[in-house]
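For reference, the structure is listed below as structure tokens.
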Amino acid sequence: MVAKTMDQLVSLCKRRGFIFQNSDVYGGLQGVYDYGPLGVELKNNLKAAWWRAMVYERDDIEGLDAAILTNRKVLKYSGHEDTFSDPMTDCKKCKQRFRADHIKDGKCPNCGSTDLTEPRPFNLMFKTAVGPIDDGETFGYLRPETAQAIFTQFRNVVDSTSRKLPFGIAQIGKSFRNEITPRNFIFRVREFEQMELEYFVKPGEDEEWHEYWKDERVKWWYEQGLSSDRLTIYTTPKEDLAHYSKATYDIEYQFPHGMEELEGIANRTDYDLGNHTKAQDEFNITAHVHENKESTQKLAILDDDNKTWIVPYVVEPSAGLDRGVLAVLTEAYEEEDLGDGNIRTVLKLKKHLAPIKVAIIPLKKNHDGIMDKCNEIKQKLLKLGIGRVALENTGNIGKAYRRHDEVGTPLCITVDFETLEQSPESVTIRDRDTLAQKRINTADLPSFLREYFL
Ligand code: GAP
């Protein structure tokens, strides 16, 4: 059984320290969230899994960590200044603003008034003054996607790594969009993180790579625990494609609020590198290069014979990290009926994603011998490199198990009187999913846990 409602997830996330409303003490800031002590672990674990799959387990991808503040010209030539907007309609009566395609029968969705403005474009990018003088001219943007810096740094990466096609550049980082209607918890927000790969290929090989990356990305999401009956591939109709895309697949997931996009995999052709390259006549590149007079760059690569410059095509798997967190939480959340009205809430997260890996629980609260042993074990486990290890001293072992089930801790270790009395010394290990318990010698814990987690 998976999460039935978004409310269940929102409540768990707040109660257990995964996700909080930003600026909560002042009533919040709409469409902006903060990750708490357990949320930051889950998010970091998901990022690490993506980076491992993209950069460490392959030899054709380099990493990048570019700045968020972006020169206006980048987003001018990328097409975002002109096209990254939604047509909006204002209701003159209640003063609310809506996406024009959300207006039904010419009526305001809020108050029903028909006194509406004509649709007008509303740019989704956040502008900000750069430098001490806010004269309205010297401004930059907070990037609306991480991708543009990958394109503008293309030559620096090629020159410093001597890469040949095909190869990719991967980046994880914040993006900002002034969404008109942020909603559904962390699904549609104004500040979010993306995990983006730009994979550069020879023109003509792009469609094959597009298929390849669609399959790879679906496989990766399965490895994060998402089930096949909740994932689907949607082929974007031509008329709905983004301004840069020749073809796009969306990986959609059954979120609590509906089937929606988790990741887009676009064939961006040579649109971006071409647009950021100085005009074709100066560089004599035999590809689709646009009339950019302001760039200083030829964002191209020499072919295998070092004779011809090629502007590569790009296939782009672009995943939302926050949507990824929401998807794995949705999938992992279960309420199990243990009988007699006893409900166990458990997050069956994959162990590599779990925020806390192991909880050490004393059978008796504040018992000197037991607590000393718990602390001794904890100190040993902290050095293993498996991730967070927690020590509970609540005295109620049932409650401690419940708490760790709810946050997805895969293993609980209990130190009891037998631990102190018997030789060789042993503890109990409890498995979150099967609830099976077994005794293990304390001396064997490090090797057992290393094998289990690493
Ligand atoms: N570089 C391509 C690009 O940005 P996109 O489809 O606009 O494409 C990619 O965004 C992914 O980023 C989406 O599939 C989604 O997971 C995430 N995303 C986009 N807008 C978002 C928002 N307002 N809140 C949370 N995630 C968002």
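The values are calculated or read from the model by the stated rules, or taken from the named source; none is laboratory data. Note that the structure is a prediction, hence the values are computed from the model and not measured. Using ideal geometry, Cβ is built from the backbone for each residue, glycine included, and neighbour counts are taken over all protein chains shown. Only protein heavy atoms, including side chains, enter the accessible area calculation; ligands, DNA and RNA are left aside. Shrake-Rupley method; radii C 1.70, N 1.55, O 1.52, S 1.80 Å.
Annotations
- Area of residue 250 that stays accessible when all protein chains are in place (1.4 Å probe, Å², to 10): 20 Å²
- Approximate spin-label separation residue 302-residue 451, in nm, with each point projected 7 Å along Cα-to-Cβ: 5.3 nm
- Accessible surface, the chain, averaged per residue in Å² (probe 1.4 Å): 47 Å²
- Enclosed volume per residue, in Å³, of the convex hull spanned by Cα atoms of segment 39-87: 157 Å³
- Normalised by residue count, segment 1-154 yields a Cα convex hull volume of 232 Å³ per residue.
- Look at the alpha carbon pairs under 8 Å that are at least 6 residues apart: their mean separation over the length of the chain gives a relative contact order of 13 percent.
- Note that segment 63-75 has calculated 3J(HN,Hα) couplings of x, 8, 9, 9, 6, 7, 5, 10, 4, 3, 5, 4, 7 Hz, one per residue in order, obtained from phi through the Karplus relation 6.51 cos²θ - 1.76 cosθ + 1.60 (θ = phi - 60°); glycine and proline are x.
- Long-range HN-HN contacts of residue 125 with modeled amide H, under 5 Å: 178
- Considering only 292, 259, 40, and ranking their Cα positions along the charge dipole of the chain that arises from unit charges at the beta-carbon of Lys, Arg, Asp and Glu, the one farthest toward the positive end is 40.
- These residues, 187, 448, go from largest to smallest accessible area, 1.4 Å probe, as 448, 187.
- Computed from the alpha carbon positions, the gyration tensor of segment 121-160 leads to an equivalent ellipsoid with semi-axes of 26, 15, 6 Å, biggest first.
- Accessible area of the chain belonging to carbon and sulfur atoms, whole % at 1.4 Å probe: 47 percent
- Here the peptides 367-374, 145-152 are ranked by packing, the mean other Cβ count within 10 Å, and the order with the highest first is 145-152, 367-374.
- Pair residue 336, residue 436: separation of 7 Å Cα→Cβ label points (nm): 1.3 nm
- Panel note: the C-alpha atoms of segment 59-98, placed on their principal axes, show extents of 58, 22, 18 Å (largest first).
- Positive-pole candidate from 390, 236, 369, dipole of the chain, charges at beta carbon: 369
- Positive-pole candidate from 360, 441, 423, dipole of segment 356-453, charges at beta carbon: 360
- Using alpha carbons only: equivalent-ellipsoid semi-axes of the chain, gyration tensor based, whole Å: 46, 29, 20
- At q = 0.19, 0.20 Å⁻¹, base-10 log of I(q)/I(0) for segment 356-453 (Debye sum, equal scatterers on each alpha carbon): -0.87, -0.97
- Taking each DSSP H run with n ≥ 4 as -39500 (n - 2.57) and averaging over every residue of the chain yields -8000 deg cm²/dmol at 222 nm.
- Restraint check, 378/399; 219/438; 127/214; 4/174, Cα-Cα greater than 22 Å: 219/438; 127/214; 4/174
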